[in-house]
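Trainee: Sharing a structure with you now.
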Amino acid sequence: MSEISAGLADPLDFLVIGHVTKDLRPDGSFSVGGSATFASLTAQRLGLRAGIVTSAAPDLLARLPEAMPGVAIAAVPAAESTTFENLYVDGHRRQYLRGRAAPLGLGAVPAAWRQARIVLLGPLAQEVAPELATAFDGALLGASPQGWLRQWGADGLVSPTAWAAAGQALPHLHALILSREDVIAHNGGAGQQEQVEALLHAWAALTPLLILTEGAQGATLHEHGRARHFRAFPVREVDPTGAGDVFAAAFLIQYALGQDAAAATRFANCVASFVVEQPGAQGIPTPQQVAARLRQRAGG
């Protein structure tokens, strides 16, 4: 493990495990992305001590302190960074994995961080060991499984795959947070509503809380065999990148503070509504901004 920030011996409030990414732009430049980036910045902005366990090549690692100010970073050095490229053909997106950093297991987690209050497993390219779901007994443990639902060919083309370790990980989670697009892709595309609902029912039976994010449609909370829908906050969308990761972090934080799952879902919808209003992570709000928007809805 390579220490690239101070404080690896200090305890954390919020820990995210997953790759930071290079998200390639058409001009050849890239932005820093990944669940670890958006979720940890959300926790930090909401007043928690946040840290990430990740892996990347030296050039990307060098950019992280500036891209993620205030976030503690523990990194496994790698020859290349996890890199995604999105190409559009006839209006359809094709996603390619152009590089992949090192896998992440318990050995990558600093000893002091194993006592984090809240832990989010955020794989993007099958990098997070499923065994990590059993490694944080005292934490509120959540997962965003999109990276466990992906495979890629020799040419890097990303396609859906079954979540092989679902039965291993789900019983140890307090919350599974995923998007409808993830589940639809898992089931072979749109038009598979019965299969989607069957899969959600099966996964919800294995973990206390399952939250399905649905973009501008809001989110659906599955709890104790009951599904409840929560509408999104109406905003002008500029860039939806990272909104699901922001939602996941906000939900776990509010739930850890003692709010019930319904209140945590409303809070997470509110926090995520800010991030889509600006590019990248620029829109992640402060607690004061969130409180004002929640009051505005309650008053309207």
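Trainee: How many residues are in contact (Cβ under 8 Å) with a residue 24 or more places away in the chain, surrounded by fewer than 16 Cβ atoms within 10 Å (Cβ to Cβ) and among the small types (Gly, Ala, Ser) when one looks only at region 63-92?
Mentor: 1
Trainee: Against the conditions (1) within 13 Å of the chain's Cα centre (by Cα); (2) in contact (Cβ under 8 Å) with a residue 40 or more places away in the chain, where does Tyr96 fall short? Just the number, please.
Mentor: With respect to (1) within 13 Å of the chain's Cα centre (by Cα); (2) in contact (Cβ under 8 Å) with a residue 40 or more places away in the chain, Tyr96 is out only on (1).
Trainee: Just wondering, is there one or more residues in region 96-113 that are surrounded by fewer than 18 Cβ atoms within 10 Å (Cβ to Cβ) and over 30 Å from Asp13 (Cβ atoms)?
Mentor: Checking region 96-113: at least one residue is surrounded by fewer than 18 Cβ atoms within 10 Å (Cβ to Cβ) and over 30 Å from Asp13 (Cβ atoms).
Trainee: In region 259-274, what residues are closer than 16 Å to Ala291 by Cβ and not in a helix (DSSP H, G or I)? Steps first, please.
Mentor: Pass one, region 259-274, residues closer than 16 Å to Ala291 by Cβ: 259, 263-264, 266-274.
Within region 259-274, Gln259 is the sole residue that qualifies.
Trainee: Can you pull out the residues in region 212-233 that are over 19 Å from Leu176 (Cβ atoms) and either at pLDDT 90 or above or crowded, with 22+ Cβ neighbours inside 10 Å (or both)?
Mentor: Arg231, Ala232, Phe233
For every residue, the table says whether it meets (1) in a strand (DSSP E or B); (2) out of contact with any helix residue (DSSP H, G or I) (no Cβ under 9 Å at 6 or more places or on another chain); (3) over 22 Å from Gly242 (Cβ atoms).
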residue: Tyr96; (1), (2), (3): yes, yes, no
residue: Ala102; (1), (2), (3): no, no, yes
residue: Gly107; (1), (2), (3): no, yes, yes
residue: Glu131; (1), (2), (3): no, no, yes
residue: Gly147; (1), (2), (3): no, no, no
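Trainee: Which of the numbered conditions does Ala154 fail, given that it passes all the others? Conditions: (1) touching a residue at least 40 places away in the same chain (Cβ under 8 Å); (2) over 20 Å from Ile211 (Cβ atoms); (3) hydrophobic (A, V, I, L, M, F, W, C).
Mentor: It fails just one condition, (1).
Trainee: Those residues that are crowded, with 16+ Cβ neighbours inside 10 Å and either part of a strand (DSSP E or B) or in contact with a Leu (Cβ under 7 Å, 6 or more places away or on another chain) (or both), I need them from region 149-164; list them, please. It would help to see each step written out before you state the result.
Mentor: Within region 149-164, the subset crowded, with 16+ Cβ neighbours inside 10 Å is 149-150, 152, 156, 158, 160, 163.
Passing the criteria: Arg150, Trp152, Gly156, Val158, Pro160, Trp163.
Trainee: Counting only residues that are out of contact with any Ser or Thr (no Cβ under 8 Å at 6 or more places or on another chain), under 21 Å from Thr83 (Cα atoms) and in a strand (DSSP E or B), how many does region 109-129 have?
Mentor: Residues meeting the conditions: 1.
Trainee: Would you confirm whether any residue within region 74-93 is at pLDDT below 95 and assigned to a loop (DSSP other than H, G, I, E, B)?
Mentor: Checked against the condition, which is being at pLDDT below 95 and assigned to a loop (DSSP other than H, G, I, E, B), region 74-93 yields at least one hit.
Trainee: If I filter region 28-46 for residues that are over 23 Å from Asp182 (Cβ atoms) and without any contact (Cβ under 8 Å) to a residue 12 or more places away in the chain, do I get at least one hit?
Mentor: For region 28-46, residues over 23 Å from Asp182 (Cβ atoms) and without any contact (Cβ under 8 Å) to a residue 12 or more places away in the chain: present.
Trainee: Conditions: (1) surrounded by 15 or more Cβ atoms within 10 Å (Cβ to Cβ); (2) assigned to a helix (DSSP H, G or I). Gly280 meets all but one. Number of the miss?
Mentor: (2)
The values are calculated or read from the model by the stated rules, or taken from the named source; none is laboratory data. Bear in mind the structure is a predicted one, so any value in this text is a computation, not a measurement. Note that we place each Cβ from the backbone using ideal geometry, even for glycine, and neighbour counts take in every protein chain shown.
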